[in-house]
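What follows is a short report on a single structure.
The values are calculated or read from the model by the stated rules, or taken from the named source; none is laboratory data. Quick caveat: nothing in here was measured; it's all calculated off a predicted structure. Cβ placement follows ideal geometry from the backbone for every residue including glycine, while neighbour counts extend to all protein chains displayed. Heavy atoms of the whole protein, side chains included, go into the accessibility calculation; ligands, DNA and RNA do not. Shrake-Rupley method; radii C 1.70, N 1.55, O 1.52, S 1.80 Å.
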Amino acid sequence: MPTTIILDDRHLTAMRAFLETHIEVSSLMLSNLLSAGVADHGLPFQATYAGSIEGDRVLAVAAHCWNGTLLLQAPVHLEEVAHRATAESARRITGIQGPWSQVVEARNTLGLANAPAPTSNRDVLYS
């Protein structure tokens with residue numbers, strides 16, 4: 001049964017493996033993770049990482065970054081990881097990035113569907 005937790009150094013290998021399987025839409029999160037690590041002290045490129053895990057596998061990740069941006073790679077359990085990351089970081093959400101369907105779902109589940117969005121693009125990322 002999957003569980004949603006705040007990820008730490010123990011999950012780094014599994015999280016990296018998961019993100020690499022979605023590299024075309026996860027390169028920003030992976031880059032931040034590799035340059036700043038899992039710990040969040042509010043410094044540039046750091047984030048609070050919430051993940052859905054089952055055993056030693058990561059199934060979904062949401063990262064609420066130092067600048068307020070919520071990064072998503074959550075093909076499953078999006079609501080749980082998005083809420084957990086944003087609640088734990090206690091930051092204001094300033095933007096959401098990830099696969100378009102996940103961005104739309106996150107805006108809805110976080111109560112931001114009608115919030116103004118200065119930019120709202122459906123980027124193809126690197127796919």
- Query: Can you pull out the residues in region 73-113 that are farther than 20 Å from HIS22 by Cα, β-branched (Val, Ile, Thr) and over 13 Å from the mean Cα position of the chain (by Cα)?
  - Reply: THR94, THR109
- Query: Quick one: would you say THR13 is of a type in the set (Val, Ile, Thr), within 22 Å of PRO2 (Cβ to Cβ) and without any contact (Cβ under 8 Å) to a residue 12 or more places away in the chain?
  - Reply: yes
- Query: Hey, among ARG92, ARG107, ARG84, which residue is in contact (Cβ under 8 Å) with a residue 40 or more places away in the chain and open to solvent by 50 Å² or more (accessible area, probe 1.4 Å)?
  - Reply: ARG84
- ILE53 passes all but one of the listed conditions (1) in a strand (DSSP E or B); (2) of a type outside the set (D, E, K, R); (3) under 13 Å from the mean Cα position of the chain (by Cα); the exception is number (3)
- Message: Conditions first: (1) outside any loop (DSSP other than H, G, I, E, B); (2) open to solvent by 70 Å² or more (accessible area, probe 1.4 Å); (3) in contact with a Cys (Cβ under 8 Å, 6 or more places away or on another chain). SER35 passes all but one, so which condition is the exception?
- Response: (3)
